[in-house]
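The structure under discussion appears below in the form of structure tokens.
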Amino acid sequence: METRNPLNMGAAARAMANFGFARLRVVNPYDLAFREARSAVGAAPLLRAAEEFPTLAAAVADCRLVVGTTSVGHRELHHPIRRLEFGSRLILRALPRAPAALLFGSEKFGLSNDDLSHCHWLMRIPTVDTDLSMNLGQAVALCLYELARDPKAVKARAERSKPASAAENEQITAMLIEALGECGYVNPATAASTEEKVRRLVRRLDIAARDAPVLLGMLRQILWKLGG
């Protein structure tokens, strides 16, 4: 809605391209040069294909759900307001049935009361201070990320690499203690205690099996240099 900075439009288009959204509609843009915004890296075709409308009513005429974004601030709002993470789920549920629109206002004023009257409900990004608004491009990116991300991915555990064996850990421990002794780090009076500490340290490092040969090779080279 009445965006003022072409760079913000370019950033919004780039976010759309990144997260798989293709239909950009602009209402009475402040500067027609937004189609050549340099910030639309990789999204120039999307920006060039943006549809322009003279009024918000015309822009959302085919939408069954219209959601406005707001920072709240000191405004008295008469709509239900939902946080981004919950609102995005409601939008996703509505999308298979009919088109939905997510509205962003101008950088300076946000959505006007008249704009808000076209909305079914509002959505806000949970910033620390509700009086502060976000940069338009950043707000678009956050909202689209929330719409695009797979909630199941949060529950999925990263594949854990195979840990080094006890024998490999002990070999690394022995060579490390030997190297520490060669360079004068180990005090003969506390050698036993130092060895225990080093052994515990090596175990806490949780060395992967694929990294064990690399560490052993490094320690062999160190010992060879120290011995030379």
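Assorted remarks:
- Wholly enclosed strands (runs of 3 or more DSSP E) of the stretch 48-130 bearing at least 2 residues in contact with a strand residue (DSSP E or B) (Cβ under 6 Å, 6 or more places away or on another chain) and closer than 24 Å to Arg149 by Cα: 65-69, 81-83, 100-103, 121-124
- Residues of the stretch 24-37 satisfying the condition of being under 24 Å from the mean Cα position of the chain (by Cα) and modelled with pLDDT under 90: Ala37
- Qualifying residue in the stretch 70-83 (condition: at pLDDT 90 or above and crowded, with 19+ Cβ neighbours inside 10 Å): no
- Unique residue being modelled with pLDDT of 90 or more, under 30 Å from Pro80 (Cα atoms) and assigned to a helix (DSSP H, G or I) when the list is Val154, Val140, Val198: Val140
- Residue within the stretch 69-82 that is touching a helix residue (DSSP H, G or I) at 6+ places or on another chain (Cβ under 6 Å), in contact (Cβ under 8 Å) with a residue 40 or more places away in the chain and not charged (D, E, K, R) present: no
- Taking the numbered list (1) crowded, with 18+ Cβ neighbours inside 10 Å; (2) modelled with pLDDT under 85; (3) not in a loop (DSSP other than H, G, I, E, B) in turn, Met16 passes all entries but (2).
- Hits in the stretch 98-120 (condition: surrounded by fewer than 17 Cβ atoms within 10 Å (Cβ to Cβ) and touching a Lys or Arg at 6+ places or on another chain (Cβ under 7 Å)): Ala98, Pro99, Lys108
- Single residue of Ser165, Ser133, Ser161 found to be at pLDDT 90 or above and not aromatic (Phe, Trp, Tyr): Ser165
The values are calculated or read from the model by the stated rules, or taken from the named source; none is laboratory data. This one's a predicted model, so the numbers in the text were calculated from it and none came from an experiment. Here Cβ is always computed from backbone atoms with ideal geometry, including for glycine, and neighbour counts include all displayed protein chains.
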